[in-house]
1. What accessible surface, in Å², does a 1.4 Å probe find on L129, ignoring ligands, DNA and RNA and rounding to the nearest 10?
2. Given axes a ≥ b ≥ c from the Cα gyration tensor, I'd like to know whether segment 33-166 is rounded (a/c under 1.5), prolate (a/b larger than b/c) or oblate.
3. Rounded to the nearest 10 Å², what accessible area does I143 show when all protein chains are kept and the probe is 1.4 Å?
4. Calculate what fraction, in whole %, of the accessible area of the chain sits on carbon and sulfur atoms when a 1.4 Å probe is rolled over the protein chains.
5. Ignoring ligands, DNA and RNA, what accessible area per residue does the chain give at 1.4 Å, in Å²?
6. So if we plug the beta-carbon distance of S47 and V18 into 1/(1 + (r/R0)^6) with R0 = 25 Å, what FRET efficiency do we get, rounded to 0.05?
7. Answer with one residue from F151, A91, F131: the one whose Cα lies farthest towards the positive end of the charge dipole of segment 71-164, charges on Cβ with Lys, Arg +1 and Asp, Glu -1.
8. What distance in nm separates the simple spin-label points at V159 and K134, each placed 7 Å from Cα in the Cβ direction?
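The values are calculated or read from the model by the stated rules, or taken from the named source; none is laboratory data. Everything numeric in this text was worked out from a predicted model, so none of it was measured. Neighbour counts run over all protein chains shown; Cβ positions are idealised from the backbone, glycine included. Accessible surface areas use protein heavy atoms only, side chains included; no ligands, DNA or RNA. Shrake-Rupley method; radii C 1.70, N 1.55, O 1.52, S 1.80 Å.
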Amino acid sequence: MTSIPTDPRHRERYDLAVRIGLAWRKVRRGSSTLGLRDYLYGSDQGSIEQGQMDTLDLLALQPAWRMSELADALRVEPSTATRAVQRLVNAGLAERIASPDDGRVVQVEITQQGRDVYETVAARRGELLTFILKQYHRDELPIFADMLERFGVAIDTFVDTHQSET
């Protein structure tokens with residue numbers, strides 16, 4: 001168990017780590033999370049899940065994906081990507097097609113219905129980010145972007161380091 005630091009220099013860092021941890025938790029699980037998820041992805045019969053949107057985001061970037069490439073881009077196991085794609089196919093948001101280069105290879109592409117969903121959610125995300133970024137001064141935004149990017153890299157580095165230990 002980690003003890004609370006008594007050295008004032010460490011105490012300040014500890015207090016900041018607690019604040020950041022609490023803020024991160026609020027972003028991930030806050031009381032508004034369900035409402036935001038419903039706004040972004042829908043709450044009716046035609047709603048999608050965040051993971052489905054992650055896949056649609058990639059499918060919208062290029063005409064077709066091999067399953068292995070899609071799994072790599074999503075940072076998931078191929079079987080997980082296959083299940084995610086199957087849900088999209090079942091919902092009419094994606095389709096499997098034979099590769100024009102090799103008929104034995106299956107590729108996935110977004111359907112028009114999938115593109116419509118993608119564009120709706122992308123517009124809602126844009127509205128959300130515009131609102132959020134208006135809460136900051138213009139000169140704070142590059143710093144915020146840099147820190148958020150470094151935060152993501154630090155998480156990836158932590159995970160990579162800890163996965164190599166097991």
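1. The value for L129 is about 90 Å².
2. Oblate, because a/c is 1.5 or more while a/b does not exceed b/c.
3. 100
4. After summing per-atom areas, the C and S share lands at 55 percent.
5. The answer is 75 Å² per residue.
6. Using R0 = 25 Å, I get an efficiency of 0.10.
7. The residue sitting farthest along the positive end of the dipole is A91.
8. Each label point lies 7 Å from its Cα, and together they span 3.3 nm.
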